[in-house]
1. Skipping prolines and chain starts, which residues have an amide H placed within reach, meaning under 5 Å, of the one on residue 50, given they are 5 or more residues away or on another chain?
2. Between residue 122 and residue 27, what is the label-to-label distance in nm when each label sits 7 Å out along the Cα-to-Cβ direction?
3. Which pairs break 21 Å Cα to Cα here: 86/159; 113/163; 113/159?
4. On a straight-distance basis, which aspartates and glutamates could pair with residue 56 in a cross-link, Cα separation under 20 angstrom, same-chain partners fewer than 8 positions away excluded?
5. Using the Karplus equation 6.51 cos²θ - 1.76 cosθ + 1.60 (θ = phi - 60°), what ³J(HN,Hα) coupling, rounded to whole Hz, does each residue of the stretch 44-53 give in order, writing x for Gly and Pro?
6. State the answer as a single residue: which of 42, 62, 25 lies farthest towards the positive end of the charge dipole of the stretch 23-78, with beta carbon charges of +1 for Lys and Arg and -1 for Asp and Glu, about the Cα centre.
7. How much length would be gained if the chain were fully extended between residue 70 and residue 112, taking 0.36 nm per residue of separation minus their Cα-Cα distance, in nm to one decimal?
8. All other residues with a Cβ under 12 Å from the Cβ of residue 101 taken together, and with Lys, Arg as +1 and Asp, Glu as -1, what is their net charge?
Amino acid sequence: MNSNTSPFISIVIPVYNEEENVKLLSERISEAMSDFNYELILVDDGSTDRTRSNIKVIDNPHLILVGLKKNYGQSLALAAGIDLAKGDYIVTLDGDLQNDPRDIPMMIERIQKGDFDVVTGIRHKRKDKFLKTIPSKVANFMVRKATKMNIKDNGCALKVFNKETAKELNLYGEMHRFINLLAFLNGARI
């Protein structure tokens, strides 16, 4: 894609104690988004390590740092970033490098060409422990059966929203775990 004709993308990433990952995360996003006009919004959710100071020294003109005074949790950190986002499309992902930013352009293309409001990722090679993956699979199955929302992995943080859908999310508490469901209940095509 040519950056002159591509949509403006906002990438929102809540980070908490990710001092080791933020530089590499920024580099991987820069590589993946080289053909796009984008902003990278890193929301430091009250980290107690050097995450914030490490972000401040990253040389990336697209980077915007939002520093929360304390740890409010992932939902409110995402909400803060989404509120600030100016993009035509808003991308969310975690700061732990479990999501590959190289998937973003493909997902942007999919949301543009399809009749979708949200395109969500799937964690194929999860790095989580077995005791964490089993409850996730059960929850995904139950959500599919109860809502007819045919999503294989509701917990994957990598998602692309059109601006309107993202701005309509009412995130609080632990609602980040149910972003697909919230969007679906608001009428989004996923």
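1. Amide H neighbours of residue 50: 19.
2. Going from the residue 122 label point to the residue 27 one covers 3.1 nm.
3. The answer is none of them.
4. Cross-link targets: 18, 19, 20, 27, 31, 39, 44, 45, 94, 96.
5. Values per residue, Gly and Pro as x: 7, 8, x, 4, 9, 10, 9, 3, 4, 5 Hz.
6. Towards the positive end, the residue furthest out is 42.
7. 11.5 nm
8. With Lys, Arg at +1 and Asp, Glu at -1, the net is -3.
Just so you know, all these numbers are worked out from the coordinates, no wet-lab data involved. Owing to the predicted nature of the structure, the values given are computational and were not obtained by experimental measurement. Quick reminder, even Gly has a Cβ in these numbers, built from the backbone with ideal geometry, and neighbours come from all protein chains shown.
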